[in-house]
Ligand code: CO
């Protein structure tokens, strides 16, 4: 599927609020191809030359509903740092990912969140769990995996899995006080 900034569904399209369904495993050829195309979008989107040529907006993740397919599939490529400050890349092609546990401690990005399906700016803190444990089938490694995520990766996972419920990041922003401090929350 051709995925670019013109084919990605925006929040003005009510399909973005659709609930996504579980995907039968093993993957059909179609589902597999779609997930690979989604992954390729995310990889290419942070390559300046390709992004300009192919009309891609930079992203760290994309979910299938964003191209109009209400199936629980998401591709994530996150460049982060490990505990020692060394660069580390987390990348996944997840099918039927599920949060099996999440921390009481909260976290938020100090600069707020963005989304390929959201054109207008929505300022404010999106408060999420600081740590999550996610189980899924990962097409990239062709196995069932358990991800113990914290910090930025935990935020990205929760953002993408929210898309399965038709939830967008700004739904979480406190309308009356968008920069409300959350006691004990980790600022990322
Ligand atoms: Co999004």
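None of the figures in this text is laboratory data; all of them are computed from the coordinates on show. Computed from a prediction, not measured in an experiment: that's the story for all the values here. Here Cβ is always computed from backbone atoms with ideal geometry, including for glycine, and neighbour counts include all displayed protein chains.
Each label point is 7 Å from the Cα along the Cα-to-Cβ direction; what then is the distance between the points at residue 14 and residue 101, in nm?
Rounded to a tenth, the inter-label distance reads 4.1 nm.
Can you give me the relative contact order of segment 14-187 as a percent, contacts being Cα pairs under 8 Å and 6 or more apart?
Dividing the mean separation by the residue count of segment 14-187 yields 23 percent.
Residues in segment 49-70 near a label at residue 5, defined as backbone nitrogen under 19 Å from the 7 Å Cα→Cβ point?
The answer is 49-63, 66-68.
Report the paramagnetic label zone for residue 165: residues of segment 117-137 whose backbone N is under 12 Å from a point 7 Å from Cα along the Cα-to-Cβ axis.
128-129
If each of residue 142 and residue 91 carries a label point 7 Å out from its Cα toward its Cβ, how far apart are those two points in nm?
1.7
Using only alpha carbon pairs under 8 Å that are at least six residues apart, calculate the relative contact order of segment 1-78 and give it in whole percent.
On the way: 108 pairs, mean separation 31.6, N = 78.
Computed over segment 1-78, the figure is 41 percent.
What ranking do 163, 122 get, fewest neighbouring Cβ atoms within 10 angstrom at the top?
Going from sparsest to densest Cβ surroundings: 122, 163.
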